[in-house]
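Working notes, structure below.
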Amino acid sequence: SQTIHQWPATLVQPVGSPLSLECTVEGTSNPNLYWYRQAAGRGLQLLFYSVGIGQISSEVPQNLSASRPQDRQFILSSKKLLLSDSGFYLCAWSVWVPGIPPEQYFGPGTRLTVT
Amino acid sequence: QQPVQSPQAVILREGEDAVINCSSSKALYSVHWYRQKHGEAPVFLMILLKGGEQKGHEKISASFNEKKQQSSLYLTASQLSYSGTYFCGTGVGGAGSYQLTFGKGTKLSVIP
């Protein structure tokens, strides 16, 4: 069965510090991977998605970036955090089957507080 | 474009029923439903792929009205465990670009 991991689970970082969040998926190959952010009490905002190694699409211009160095690894980064970067960061995966919209599953999330 | 969910919040007593609606101004091809409990990640409930499709899981079911560009989630005989925020996501794109756009969520509180 498939499993998705995220770490760290919680993080407190000062403004201006760098960020690296990691997501890995087990039990599947060539998944589509997604990064979402959820501000406190708000909905889910898609930040990035990737359909393969090195292929990243950005949905929202910001000071965040994403990378996919391996098939089942997705990394979210920032060089300098802003207060507005605080939130619950969720990684998700799906497997594309031609002609059939895929189910999408979320990881446990990373709660980031920028102080 | 973000789908619109209604109501924004609802309070139920155990055993009561609720309906959560998700509508879009654009044509819908797939609708995904999730439940998120406080402090946790969203959990996948079901996906509806075709207009008129209905699905059910225990006492939670959903329908998809393609013509009305709307999906509804039905919770019957609610239990305390049903509390949480329910999100619908509408799917767009194909291979290489498939993504979900989520509504703002409906907060459901079930009280004894």
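The values are calculated or read from the model by the stated rules, or taken from the named source; none is laboratory data. As the structure is a computational prediction, the values presented were derived from the model and not from experiment. Glycine also receives a Cβ, built like all others from the backbone with ideal geometry; neighbour counts cover every protein chain displayed.
Output the residue which, of all residues in the range B:1-18 that are surrounded by 14 or more Cβ atoms within 10 Å (Cβ to Cβ) and of a type in the set (A, V, I, L, M, F, W, C), is nearest to B:E66 (Cα to Cα).
B:V4
Is it the case that some residue within the range B:88-99 is at pLDDT 90 or above, part of a strand (DSSP E or B) and surrounded by fewer than 21 Cβ atoms within 10 Å (Cβ to Cβ)?
The answer is no, given that none of the residues of the range B:88-99 is at pLDDT 90 or above, part of a strand (DSSP E or B) and surrounded by fewer than 21 Cβ atoms within 10 Å (Cβ to Cβ).
Tell me, which strands (runs of 3 or more DSSP E) wholly within the range B:5-60 include 3 or more residues that are more than 11 Å from every other protein chain (Cβ to nearest Cβ) and modelled with pLDDT of 95 or more?
The strands (runs of 3 or more DSSP E) meeting that bar are B:9-13, B:18-23.
Of the conditions (1) closer than 15 Å to B:S6 by Cβ; (2) away from chain A (no Cβ under 14 Å), B:L80 fails just one. Which one is it?
(1)
Select the strands (runs of 3 or more DSSP E) contained entirely in the range A:1-89, then report the ones holding at least 3 residues which are within 20 Å of A:Y105 (Cα to Cα).
Of the strands (runs of 3 or more DSSP E) lying wholly inside the range A:1-89, those with at least 3 residues that are within 20 Å of A:Y105 (Cα to Cα) span A:3-7, A:19-26, A:32-38, A:45-52, A:55-58, A:64-70, A:73-78.
Select from the range A:72-107 the residues that are more than 28 Å from B:R35 (Cβ to Cβ) and either exposed (fewer than 14 other Cβ atoms within 10 Å of the Cβ) or facing another protein chain (nearest Cβ under 9 Å) (or both) and list them in ascending order.
A:K79, A:K80, A:L82, A:L83, A:P98, listed by residue number.
I want to confirm something. Restricting to the range A:15-64 and keeping residues that are of a type in the set (S, T, Y) and over 11 Å from the mean Cα position of the chain (by Cα), which single residue is farthest from B:G91 (Cα to Cα)?
So the residue we want is A:S17.
Give just the number: which of (1) more than 19 Å from B:Q99 (Cα to Cα); (2) aliphatic (A, V, I, L, M); (3) touching a strand residue (DSSP E or B) at 6+ places or on another chain (Cβ under 7 Å) does B:A41 not satisfy?
Against the list (1) more than 19 Å from B:Q99 (Cα to Cα); (2) aliphatic (A, V, I, L, M); (3) touching a strand residue (DSSP E or B) at 6+ places or on another chain (Cβ under 7 Å), B:A41 comes up short only on (1).
Read through the list (1) within 12 Å of chain B (Cβ to nearest Cβ); (2) on the phi < 0 side of the Ramachandran plot; (3) modelled with pLDDT of 95 or more, then give the number of the only condition that A:E22 fails.
(1)
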